[in-house]
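These notes concern the structure reproduced below.
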Amino acid sequence: MLLAYHSRRLRESSIHSFSKQYLQHLAKSVSAVRSVTISGLEASIADPEENAVHVKNAKIVVESRDDTKLQVRVDLEGEDTRLVFEKVLTNLARAAPPVPGFRRQKGGKTSKVPKDFLLQMLGEERVTNFVIQEIVSSTLADYTKKENLTVKGNKINTIQTAEELRSSFVPGKEFGFSATLELEILTTETSSQ
């Protein structure tokens, strides 16, 4: 009886330890920084080549623009949301430390932890947060690079709150958000003679 209790506690602490270690690792490897502000979700854009996920079919429409601000609407099809969700979950499994009871493939690179089990361990809400962060940061990083825009501090704010985004995201279903980008005004100095 005592052995069963300690065995169960060891498994529970291993799962907790796994989640904590993995989330610390993920915080370093995910290009987006999550924080909730009053105006919405704040994300950071980085070099598009550094993003773990690339969304090829995102539809981005400029809703309004002035000299210092740009507001865009980003829409993804259901297939894109499913692919991003699976890619993020696969990346989480790769980066995860060994889970007791599951072996790694040859070379030690990819864990054979079933995605459903991994999703349960990490929590669907946490995974969804990472997916949304990746979608926001990667789509807008690609857009700013394509349009040759410089965003102040590489910061993006969504119009929707993090909770609204999370509640509207379902893998395999259409997903969209609006975001505001503060643009840096590039000035060129001219010498007067």
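Could you pull out the pairs from Lys59/Lys146; Lys56/Lys155; Lys146/Lys173; Lys145/Lys173 whose alpha carbons sit more than 18 Å apart here? List each step's numbers first, then the result.
Numbers: Lys59/Lys146 13 Å; Lys56/Lys155 21 Å; Lys146/Lys173 26 Å; Lys145/Lys173 27 Å.
Long pairs (Cα-Cα over 18 Å): Lys56/Lys155; Lys146/Lys173; Lys145/Lys173.
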Approximate spin-label separation Lys59-Glu174, in nm, with each point projected 7 Å along Cα-to-Cβ = 0.7 nm
Simple spin-label estimate for Glu77/Asp116, 7 Å along Cα→Cβ, in nm, reads 2.8 nm
Which distance in nm do the two modelled labels at Phe102 and Lys69 give, with both placed 7 Å along the Cα-to-Cβ direction?
-> 4.4 nm
Stretchable slack from Thr161 to Glu86, in nm (0.36 nm times residue separation minus alpha-carbon distance) | 24.6 nm
Quick one: how many Å² of Glu86 are accessible to a 1.4 Å probe, rounded to 10?
-> 70 Å²
Quick one: with all protein chains in place, what share of the accessible area of segment 120-179 is carbon or sulfur, to the nearest percent (1.4 Å probe)?
-> 41 percent
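The values are calculated or read from the model by the stated rules, or taken from the named source; none is laboratory data. Just so it is clear, the structure is predicted and the values come from calculations on it, not from any experiment. With ideal geometry, Cβ positions are generated from the backbone for all residues, glycine too; neighbour counts draw on all protein chains shown. The area values use the complete protein model at the heavy-atom level, side chains included, leaving out ligands, DNA and RNA. Shrake-Rupley method; radii C 1.70, N 1.55, O 1.52, S 1.80 Å.
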